[in-house]
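One structure is given here, and the rest of the page talks about it.
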Amino acid sequence: EHVNIYSLTTEHVESDNACTISFTMYTTGIEQLSRLFGKLEAIQGVHSVIRLDSSRARV
């Protein structure tokens, strides 16, 4: 998917030897977001993909 990433942050979770990656991005709509979620979830090692509404988003 071709999306514009507005911001990206990472956080290392040492106790789990994992990291959290947060994106803020612009999409063309819910259909594109759904396709993007599917592609991210298909990546080996990705445990979850969630959407936060703008009132909860961290930048």
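Please treat every number below as a calculation from the coordinates, not as lab data. Just so we're clear, the structure is a prediction, and the values are computed from it rather than from any experiment. For neighbour counting, all protein chains shown are included, and Cβ atoms are generated from backbone atoms with ideal geometry for every residue, glycine included.
Quick notes on this structure:
- For the chain: relative contact order, % (alpha-carbon pairs under 8 angstrom, 6 or more apart): 30 percent
- Spin-label model, Gln44 to Val13: label points 7 Å out along the Cα-to-beta-carbon direction sit 2.1 nm apart.
- Angle between the chain longest axis and helix 30-41 axis [Cα atoms, degrees, rounded to 10]: 30 degrees
- Answer label, with mean projected area of the Cα convex hull in nm² calculated from the coordinates and candidates (i) 3.6; (ii) 4.5; (iii) 4.0: (ii)
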